[in-house]
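Notes to accompany the following structure.
The values are calculated or read from the model by the stated rules, or taken from the named source; none is laboratory data. This structure is a prediction, so every number in the text was calculated from the model and none was measured. Note: ideal-geometry Cβ built from the backbone for every residue, glycine included; neighbour counts use all protein chains shown.
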Amino acid sequence: MSTNSGSPAGLSDTVLTVDNLTVDFPTPDGAVHAVRGVSYRLNPGEVLGIVGESGSGKSVTSMAVMGLLPKTAKVSGSVRFRDRELLGLSDNEMKTLRGNKIAMIFQDPMTSLNPVYKVGHQLAEAVLAHHDIPKAKARARAIELLEMVDIPQPDRRVDQYPHEFSGGMRQRVVIAIAMANNPDVIIADEPTTALDVTVQAQVLDSLRAAQRETGAAMVLITHDLGVVAGQADRVLVMYAGKPVEIGGVDDIYYNPRMPYTLGLLGSLPRLDQREAGRLTPIQGSPPSLVNLPLGCPFTPRCPLAQDVCETREPDLEPVDADEAGPDGHRSACHFKDRVARHRPADLFDETSADAELPGDFGSDSTGEEQAEPHGPTDVRSVNTDFGTESDRDEQL
């Protein structure tokens, strides 16, 4: 949301409010501007997807919310959990919130789980850290949590070590730890990274189960736009540490108003596309966060860039007058109206590999051209509901 549109704080149903969050890391070469003015709010049960290339500031934003950044980081802005400001709290004060009110699922379960402790011990520890209950009751809760995330034979698995679990099962254990205390907010940092599609589906089912069980709001950080399409209610697109577009899933996927968002969608395979063709790439690389350009940081890669883009960075503003509400569709582009209803291939140039394709590439075996897919940017047809597979192949 726009950093100059006023804070959305004060709304009674908001569990998490991030307003104009900025994070800098000092280095010998200058300050790294990792996060630049991120604002959003979360309501109970809502899922916000945060997408963008590596280095765009997605994970740093969430680390700042959790108070897990190093002491050298310079953090400003506001992070409020309900009516409590989190920035400036001591580590001991944050410990009462982490895992209890706000939980985080990290992307690498092998580094999230301690290899020398049994899985049940680590689950029970998450419960005992915030509740004064007998160890037997904590163990029973650990077994219950394993069952909730579809770990087979949870009463036996609870006494096994992390290395005795497959990668997908370890990730589900991490999800179980996050939901142990029924938190109000769950932050999932790329929970399906490096998993095959079947295991990914199982992990996503576990995430849905965690949300149903806890009623929590969720921040879902991912590179996978298909996952976002199937899971999120709203989407925040980040580039060079700054939000460049935010809106409902339908707004972002059917009517993107930022060239970068359109380029991300063009890089996504579509299962409804009947004609053969290559994905549309965004050529170039993100800018250095130490020496950011004066204007819009996407200018060197943008097909719509004009002189104004090199001198003035656009604000995150409503795309239409009726989108001016706090949850409306907003875009940071001087030419957002020109982006509307375009296909990625309309704006982004073909690569040298595309130019060398034969003239009949994209035709069927009879030489007849295939039908165009419906809708200019109708990419939500990506199949993200893989179904729930049996865990028999993961059992030892």
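Before moving on, here are some points about what is shown:
- The set of residues in region 229-252 that are surrounded by fewer than 24 Cβ atoms within 10 Å (Cβ to Cβ), out of contact with any Gly (no Cβ under 9 Å at 6 or more places or on another chain) and under 22 Å from Leu347 (Cα atoms) contains only Asp250.
- Test: residue in region 93-107 that is at positive phi and within 22 Å of the chain's Cα centre (by Cα): yes
- Gln160 vs. criteria polar (S, T, N, Q) and in contact with a Leu (Cβ under 9 Å, 6 or more places away or on another chain): yes
- For Met258, the stated conditions hold: it is hydrophobic (A, V, I, L, M, F, W, C), under 16 Å from Arg341 (Cβ atoms) and touching a residue at least 12 places away in the same chain (Cβ under 8 Å).
- Top-ranked residue in region 37-92 [being among the acidic types (Asp, Glu) and under 22 Å from Thr214 (Cα atoms); ranked as farthest from the chain's Cα centre (by Cα)]: Asp83
- Residues of region 72-94 that are charged (D, E, K, R) and either touching a residue at least 24 places away in the same chain (Cβ under 8 Å) or in contact with a strand residue (DSSP E or B) (Cβ under 6 Å, 6 or more places away or on another chain) (or both): Lys74, Arg80, Arg82, Asp91.
- Checking Arg338 against (1) among the basic types (Lys, Arg); (2) modelled with pLDDT of 80 or more; (3) farther than 22 Å from Arg36 by Cβ; (4) surrounded by 15 or more Cβ atoms within 10 Å (Cβ to Cβ), the condition it does not meet: (4)
- The set of residues in region 184-204 that are of a type outside the set (S, T, N, Q), under 24 Å from Gly45 (Cβ atoms) and out of contact with any Gly (no Cβ under 7 Å at 6 or more places or on another chain) comprises Asp184, Val185, Ile186, Ile187, Ala188, Asp189, Glu190, Pro191, Leu204.
- Helices (runs of 4 or more DSSP H) wholly inside region 112-186 containing at least 1 residues that are at pLDDT 95 or above and out of contact with any Pro (no Cβ under 6 Å at 6 or more places or on another chain): 119-128, 135-148, 154-157
- Within region 41-75, being under 17 Å from Lys242 (Cβ atoms), in contact with a Lys or Arg (Cβ under 9 Å, 6 or more places away or on another chain) and assigned to a loop (DSSP other than H, G, I, E, B) holds for Gly52, Ser56, Gly57.
- In region 194-211, the residues that are surrounded by fewer than 22 Cβ atoms within 10 Å (Cβ to Cβ) form Cβ pairs under 8 Å with partners that are among the charged types (D, E, K, R), at six or more places apart or across chains, as follows: Thr198/Glu389; Ala201/Asp385; Ala201/Glu389; Asp205/Asp150; Ala209/Asp150.
- Which numbered condition Arg380 fails, given (1) surrounded by 18 or more Cβ atoms within 10 Å (Cβ to Cβ); (2) among the charged types (D, E, K, R); (3) at pLDDT 50 or above: (3)
- The residues of region 260-294 that are surrounded by fewer than 18 Cβ atoms within 10 Å (Cβ to Cβ), small (Gly, Ala, Ser) and modelled with pLDDT of 85 or more, listed by number, are Gly284, Ser285, Ser288.
- Hits in region 188-222 (condition: touching a Lys or Arg at 6+ places or on another chain (Cβ under 9 Å) and farther than 23 Å from Glu147 by Cα): Ile221, Thr222
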